[in-house]
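Heads up, the thing below is written out as structure tokens.
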Amino acid sequence: MTRKPNPTDWHPTTWQKLQATQQPLYPDSAAVEHVVSELSKLPPIVTSGEILALKSQIAAAQRGEAFLLQGGDCAESFAECTSDAIAKKLKILLQMSVVLLYGLKKPIIRVGRMAGQYAKPRSADTETRGDETLPSYRGDLVNRHPFTAEDRIPDPQLMLRGYERAALTLNFVRALVDGGFADLHHPENWDLDFVHHSPTADRYQRIVHNISESLDLIEVVTGQAAYGAQRVDFYSSHEGLHLPYEQAQTRWLEKRNGWFNLATHFPWVGMRTAAIDDAHVEYYRGIENPIAIKLGPAMSAEWLQELLAVLNPRAEPGRMTLICRFGADKIEQSLPPLIQAVRATGSPVLWSCDPMHGNTESTASGVKTRRFDNILSEVKQAFRIHRDMGSHLGGVHFELTGDDVTECTGGARGLTDADLQRAYRSTVDPRLNYEQALELALNIADAENGSIGGV
Ligand code: PEP
Ligand code: CO
């Protein structure tokens with residue numbers, strides 16, 4: 001079933017008539033129009049066939065037949081568009097997906113916060129240091145991070161630079177995946193340094209060993225390569241925040257009879273921009289991509305029901321994912337009424353848990369961090385609450401990196417507040433380092449399948 005917005009009622013530009021929150025204030029609007037027109041002539045980053053394939057996988061996850069793993073940086077940076085950083089991020093996501101596959105016994109849908117995660121919502125439009133006030137940093141798509149007037153003025157040319165880097169990133173990911181990097185027969189491709197000397201390494205290696213043995217057995221018995229083991233799909237996602245950028249890559253595809261955002265497979269809408277009459281909701285109702293909405297403690301049952309009615313009026317399977325980010329101390333209160341509210345609509349959704357954004361805190365010296373135990377606790381509670389209510393958690397959403405950063409505390413190595421200064425590199429939110437990310441996947445797998453602990 002496809003939704004066909006009436007073309008006289010919706011167009012990639014109709015959002016412009018509404019209030020759009022969290023948009024940069026560009027000093028020169030003609031320059032923005034020029035860039036949008038340039039962008040709209042460039043070839044797309046993704047294809048409609050891939051988008052629809054992901055949508056049908058999300059539909060399977062809604063039915064409990066697959067599980068979504070979405071992860072990557074809070075904000076990708078242009079400077080980290082390097083082969084090393086991209087390969088490491090892909091490696092940790094592949095490792096986590098293998099652990100989850102083993103623990104949950106379901107196909108894992110792998111989605112990076114990658115190849116376009118360059119625009120950030122901010123709690124304030126300006127930042128003040130001493131007696132200087134400048135526009136806030138809104139991500140590399142908009143302005144630059146250093147605190148100078150020149151760097152902080154939104155520069156439309158950065159949309160072109162971001163588009164190019166998104167394409168470079170996805171091109172490299174595709175080449176790695178097509179070249180056999182993601183082959184389940186060769187998990188040694190994904191070994192990161194720590195695999196040889198980490199407290200989590202043994203648990204991981206045993207899972208990998210068991211999977212290899214199972215694959216060998218299947219292939220000996222059937223005389224064929226195990227289906228899907230050699231090549232995995234890998235999808236891109238980003239917060240679809242910057243509407244001129246998203247509009248520029250929105251195309252009418254005659255053969256599909258629909259509008260597609262071809263800048264990413266799977267955009268999401270933050271709660272800050274999800275007011276029913278906000279321009280974002282207007283834009284997202286018209287495209288065919290699967291989309292997600294972030295839900296925080298302030299989301300009401302009525303608001304959510306209205307969002308589903310506007311964004312998925314025909315209750316199409318695979319269209320909607322709800323990414324909940326309440327915090328370990330609020331989920332118990334916030335999630336059940338929303339599960340009930342969605343159930344009352346009869347509209348299919350995929351429930352995912354983002355255990356990062358509701359658990360952000362500041363240390364005594366003012367550094368933003370997140371505690372491993374709170375992150376794990378929110379995910380475990382999400383699984384349990386869904387199960388208790390006859391629903392199911394179908395995905396997880398993490399901020400992580402393939403590097404050895406020290407931004408979140410806790411985990412097997414017991415990072416403390418004092419460690420944060422050692423390798424704190426995020427420009428926005430604190431990410432799990434590779435070891436913490438894998439440990440989290442192992443703990444989720446353990447909690448959901450008691451047999452893992454004894455692997
Ligand atoms: C994010 O995902 O980086 C983000 C800003 O999240 P939220 O809008 O849920 O706070
Ligand atoms: Co973030």
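The values are calculated or read from the model by the stated rules, or taken from the named source; none is laboratory data. Note that this is a predicted model, so its numbers are computed, not measured. Positions of Cβ are backbone-derived with ideal geometry, glycine not excepted, and every protein chain shown enters the neighbour counts.
Return the total of residues in segment 100-115 being over 16 Å from Leu350 (Cβ atoms) and modelled with pLDDT of 95 or more. Number of matching residues: 4. Scan segment 374-413 residue by residue and report those that are in contact (Cβ under 8 Å) with a residue 60 or more places away in the chain, surrounded by fewer than 20 Cβ atoms within 10 Å (Cβ to Cβ) and in contact with an Asp or Glu (Cβ under 7 Å, 6 or more places away or on another chain). Matches in segment 374-413: Phe383, Ala412, Arg413.
Okay, residues lined up against (1) closer than 23 Å to Thr264 by Cα; (2) away from ligand 1 (no atom under 16 Å from the Cβ); (3) in contact with a Phe, Trp or Tyr (Cβ under 7 Å, 6 or more places away or on another chain); (4) modelled with pLDDT under 95:
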residue: Leu52; (1), (2), (3), (4): yes, yes, no, no
residue: Cys74; (1), (2), (3), (4): yes, no, no, no
residue: Leu94; (1), (2), (3), (4): yes, yes, yes, yes
residue: Val142; (1), (2), (3), (4): yes, no, no, no
residue: Ala149; (1), (2), (3), (4): no, yes, no, no
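Counting only helices (runs of 4 or more DSSP H) that fall entirely inside segment 262-357 and contain at least 1 residues that are of a type in the set (Ser, Thr, Tyr), under 23 Å from Lys55 (Cα atoms) and within 16 Å of ligand 2 (Cβ to nearest atom), no element qualifies. Picking from residues in segment 232-270 that are modelled with pLDDT of 95 or more and surrounded by fewer than 19 Cβ atoms within 10 Å (Cβ to Cβ), the one that is nearest to Asp354 (Cα to Cα) is Arg251. Only one entry of Asp446, Asp429 meets the criterion of being at pLDDT below 95, under 19 Å from the mean Cα position of the chain (by Cα) and surrounded by 15 or more Cβ atoms within 10 Å (Cβ to Cβ), and that entry is Asp429. The set of residues in segment 146-159 that are surrounded by fewer than 17 Cβ atoms within 10 Å (Cβ to Cβ) and within 28 Å of Gly71 (Cα to Cα) comprises Pro146, Gln157. Scanning segment 301-351 for residues that are hydroxyl-bearing (Ser, Thr, Tyr) and touching a Leu at 6+ places or on another chain (Cβ under 6 Å), we see that the one that is surrounded by the most Cβ atoms within 10 Å (Cβ to Cβ) is Thr321. Looking across segment 431-450, the residues that are away from ligand 2 (no atom under 16 Å from the Cβ) and either outside any helix (DSSP H, G or I) or among the aromatic types (Phe, Trp, Tyr) (or both) come down to Tyr434, Asn449.
Does Leu442 fit the bill of being over 25 Å from Ala75 (Cβ atoms), of a type outside the set (Ser, Thr, Tyr) and touching a Phe, Trp or Tyr at 6+ places or on another chain (Cβ under 6 Å)? When the stated conditions are applied, Leu442 does not pass them. List every residue pair whose Cβ atoms lie under 9 Å apart, where the two residues are 6 or more positions apart in sequence or sit on different chains, the first residue falls within segment 113-136 and is touching a residue at least 60 places away in the same chain (Cβ under 8 Å), and the second residue, located anywhere, is among the β-branched types (Val, Ile, Thr) and surrounded by fewer than 19 Cβ atoms within 10 Å (Cβ to Cβ). From residues that are touching a residue at least 60 places away in the same chain (Cβ under 8 Å), the pairs are Lys120/Thr427; Lys120/Val428; Pro121/Thr21; Arg122/Val428; Pro135/Thr126; Pro135/Ile153. Give segment 160-184 a look and list any residue that's surrounded by fewer than 18 Cβ atoms within 10 Å (Cβ to Cβ) and of a type in the set (S, T, N, Q), or say none. Answer for segment 160-184, where residues must be surrounded by fewer than 18 Cβ atoms within 10 Å (Cβ to Cβ) and of a type in the set (S, T, N, Q): just Asn171. Go through the residues of segment 414-425 one by one and say whether even a single one is touching a helix residue (DSSP H, G or I) at 6+ places or on another chain (Cβ under 9 Å), free of Cβ contacts under 8 Å to residues at least 12 places away in the same chain and within 16 Å of ligand 1 (Cβ to nearest atom). No: segment 414-425 contains no residue that is touching a helix residue (DSSP H, G or I) at 6+ places or on another chain (Cβ under 9 Å), free of Cβ contacts under 8 Å to residues at least 12 places away in the same chain and within 16 Å of ligand 1 (Cβ to nearest atom). Note on segment 389-430: among residues that are part of a loop (DSSP other than H, G, I, E, B) and of a type in the set (A, V, I, L, M), the one that is farthest from ligand 2 (Cβ to nearest atom) is Met389. Take Pro290 and decide whether it is surrounded by fewer than 19 Cβ atoms within 10 Å (Cβ to Cβ) and touching a helix residue (DSSP H, G or I) at 6+ places or on another chain (Cβ under 6 Å). So Pro290 does not fit the description; no.
Tell me, which residue of segment 76-92 that is buried (at least 24 other Cβ atoms within 10 Å of the Cβ) and within 16 Å of ligand 2 (Cβ to nearest atom) is modelled with the highest pLDDT? Restricting to residues being buried (at least 24 other Cβ atoms within 10 Å of the Cβ) and within 16 Å of ligand 2 (Cβ to nearest atom), the top hit is Glu76. For segment 98-135, a residue qualifies if it is of a type in the set (A, V, I, L, M) and within 15 Å of ligand 2 (Cβ to nearest atom), and the qualifying residues are Met114, Ala119. Of the residues making up segment 85-118, those that are under 13 Å from the mean Cα position of the chain (by Cα) and assigned to a loop (DSSP other than H, G, I, E, B) are Ala115, Gly116, Gln117, Tyr118. Restricting Arg325, Arg285, Arg343 to residues that are under 20 Å from the mean Cα position of the chain (by Cα) and more than 18 Å from Arg113 (Cα to Cα) narrows the list to Arg285.
If you scan segment 358-381, which residues turn out to be of a type outside the set (S, T, N, Q), within 15 Å of ligand 1 (Cβ to nearest atom) and assigned to a helix (DSSP H, G or I)? Gly358, Ile375, Glu378, listed by residue number.
Here is a list of conditions, (1) aliphatic (A, V, I, L, M); (2) surrounded by fewer than 23 Cβ atoms within 10 Å (Cβ to Cβ); (3) within 16 Å of ligand 1 (Cβ to nearest atom); (4) within 25 Å of Lys17 (Cα to Cα), and Ala279 meets all of them except one; can you say which number that is? So Ala279 meets the others, but not (3).
Restricting attention to segment 236-261, and to residues there that are part of a strand (DSSP E or B) and within 16 Å of ligand 2 (Cβ to nearest atom), which single residue is farthest from Asp155 (Cα to Cα)?
Ser237
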